[in-house]
Amino acid sequence: MHELYTVLAEYYDVIYRKRAERVEDEIDFVEELFRKEAERKVKKILDLACGTGIPTLELARRGYEVTGLDLHEEMLAVARRKAEGEGLGIEFIQGNALELDF
């Protein structure tokens, strides 16, 4: 399975195209949760295990300040390329979500 996130990172979006097609609905749901449950307006989001940035980019398109974190640099390379292609200023960090030091 590790190869999906490294060797096959360039094909991840094709493999999971159904998820990419539903991302707008997923983020609609997340925004509804923000409206109902957040104690203050959500402006900044940390997307853990962001992969190729499918939801990360959608959040940035909607005006959030997003940071994406993923274990695999190969996945982040794809996400960075997509963000740059859309002119989105997203910070992508390589790291392990289990070892965050915020």
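What the table below lists for this structure:
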read-out: Relative contact order (%) - criterion: Cα under 8 Å, at least six apart; region: the chain; value: 27
read-out: Which labelled figure in (i) 21, 16, 15; (ii) 23, 16, 13; (iii) 28, 16, 10 is semi-axes √(5λ) of the Cα gyration tensor in Å, once derived from the coordinates; value: (ii)
read-out: Fewest-first ranking of V42, V66, V78, using other Cβ atoms within 10 Å as the exposure measure; value: V42, V78, V66
read-out: Size of charge dipole - the chain - debye, nearest 20, with Cβ of Lys, Arg +1 and Asp, Glu -1, no other charges; value: 340
read-out: Per-residue Cβ neighbour rank within 10 angstrom, fewest leading, T67, T52; value: T67, T52
read-out: Using θ = phi - 60° and Karplus 6.51 cos²θ - 1.76 cosθ + 1.60, couplings along region 50-64 (whole Hz; Gly, Pro as x); value: 6, x, 7, x, 3, x, 4, 5, 5, 4, 5, 4, 8, x, 7
read-out: Positive-end residue, the chain charge dipole about Cα centroid, Cβ charges, pick of G68, V30, Y16; value: V30
read-out: DSSP loop trypsin sites (Lys or Arg not before Pro) with at most 12 other Cβ within 10 Å: longest gap in the chain; value: 44-102
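All of the numbers you see were taken from the coordinates with simple rules; none came from a lab. Remember, predicted model here, so these are calculated numbers, not experimental data. Cβ coordinates were reconstructed from backbone atoms using ideal geometry, including for glycine residues, and neighbour counts include every protein chain displayed.
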